[in-house]
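Inspection log for the structure reproduced underneath, given as structure tokens.
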């Protein structure tokens, strides 16, 4: 089961989906694109657990993380 974790000031929300289910995959891609449009930074964890920034949806990624835009002050 693949996951997308969205972090924000209230904590995080996880979305799980089956990469073999076409409808679930479409929803995950739409969520990815919507979050990036909202200003989130997307990253995918590699096999070593290191998150690497990505700019496009990868249907083979096991875990995607979404970080909100940082605001200085």
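The values are calculated or read from the model by the stated rules, or taken from the named source; none is laboratory data. Note that the structure is a prediction, hence the values are computed from the model and not measured. Cβ sites come from the backbone with ideal geometry, for glycine too, and all protein chains shown count toward neighbours.
Provide a single number: the residues in segment 44-73 that are touching a residue at least 24 places away in the same chain (Cβ under 8 Å) and either loosely packed, with under 10 Cβ neighbours inside 10 Å or within 11 Å of residue 4 (Cβ to Cβ) (or both). Even if it seems obvious, please write down each step before you answer.
Applying the first criterion (touching a residue at least 24 places away in the same chain (Cβ under 8 Å)) to segment 44-73 yields 57, 59-69.
In the following step, the residues that additionally are either loosely packed, with under 10 Cβ neighbours inside 10 Å or within 11 Å of residue 4 (Cβ to Cβ) (or both) were identified as 57, 60-66, 69.
Qualifying residue count for the region: 9.
Within the bounds of segment 2-23, is there any residue that is touching a helix residue (DSSP H, G or I) at 6+ places or on another chain (Cβ under 8 Å) and in a loop (DSSP other than H, G, I, E, B)?
yes
Which residues, taken from segment 47-57, are at pLDDT below 95, closer than 18 Å to residue 14 by Cα and either part of a loop (DSSP other than H, G, I, E, B) or touching a helix residue (DSSP H, G or I) at 6+ places or on another chain (Cβ under 7 Å) (or both)?
49
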